[in-house]
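Okay, structure first, notes after.
The values are calculated or read from the model by the stated rules, or taken from the named source; none is laboratory data. Note that this is a predicted model, so its numbers are computed, not measured. Here the Cβ is made from the backbone with ideal geometry for all residues, glycine too, and neighbour counts use every protein chain on show.
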Amino acid sequence: MRIGELAALAGVSVRSLRYYEEQGLLASVRSASGQRHYTRDHVERVTFLQRMYTAGLSSRTIAELLPCVDSPSEENADAALIRMAEERERLSEHIADLVHTRDALDELMAVNRAYRERLNSPAAG
């Protein structure tokens, strides 16, 4: 199948597929005229890549995890689990930072509300 058909079946853009190839996450066979050709297995591969991106993983991290998919072994599975645990920790730290930032914004909003209440109180006029 050609790139447009793969994109439609996998629910992604043609641009995404080209990006996956540039990052070494997806490989196609080229025709004599240079057109990309894919098999049905590529639909599953693209779906897997999308799940990885949805989980917040970068292209580089996904590339580090692909040996577990492409060459299943206990060693590759262990390495993938360690790498995913590192990514989970990174995400947890990011979430904690976001919660802290949200809390700081909540405090600023409370200060603003208190200020507005003072402006609207009868004693202020």
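Scanning segment 11-35 for residues that are over 19 Å from Leu66 (Cβ atoms) and in contact with a helix residue (DSSP H, G or I) (Cβ under 7 Å, 6 or more places away or on another chain) yields Ser13, Val14.
Considering only residues of segment 50-93 that are of a type in the set (Ser, Thr, Tyr) and assigned to a helix (DSSP H, G or I), which is surrounded by the fewest Cβ atoms within 10 Å (Cβ to Cβ)? It would help to see each step written out before you state the result.
Restricting attention to segment 50-93, the residues satisfying the condition of being of a type in the set (Ser, Thr, Tyr) are 53-54, 58-59, 61, 71, 73, 92.
Subsequent filtering for residues that are assigned to a helix (DSSP H, G or I) retains 53-54, 59, 61, 92.
Values: Tyr53: 16, Thr54: 8, Ser59: 16, Thr61: 17, Ser92: 10.
In this case the residue turns out to be Thr54.
Condition check: among the aromatic types (Phe, Trp, Tyr), over 25 Å from Arg90 (Cβ atoms), surrounded by 11 or more Cβ atoms within 10 Å (Cβ to Cβ) and in contact (Cβ under 8 Å) with a residue 24 or more places away in the chain. Does Tyr38 satisfy that? Judged against the criteria, Tyr38 is a match.
If I filter segment 96-111 for residues that are polar (S, T, N, Q) and either under 30 Å from Tyr20 (Cβ atoms) or touching a residue at least 12 places away in the same chain (Cβ under 8 Å) (or both), do I get at least one hit?
So in segment 96-111, the residues polar (S, T, N, Q) come out as 101.
Applying the additional criterion that residues be either under 30 Å from Tyr20 (Cβ atoms) or touching a residue at least 12 places away in the same chain (Cβ under 8 Å) (or both) yields none.
Scanning segment 96-111, I find no residue that is polar (S, T, N, Q) and either under 30 Å from Tyr20 (Cβ atoms) or touching a residue at least 12 places away in the same chain (Cβ under 8 Å) (or both), so the answer is no.
So that you can scan it fast, the table gives a plain yes or no per residue for (1) touching a Gly at 6+ places or on another chain (Cβ under 6 Å); (2) more than 24 Å from Glu5 (Cα to Cα); (3) modelled with pLDDT of 95 or more; (4) hydrophobic (A, V, I, L, M, F, W, C):
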| residue | (1), (2), (3), (4) |
| --- | --- |
| Val29 | no, no, no, yes |
| Gly34 | no, no, no, no |
| Thr54 | no, no, no, no |
| Ser58 | no, yes, no, no |
| Glu87 | no, yes, no, no |
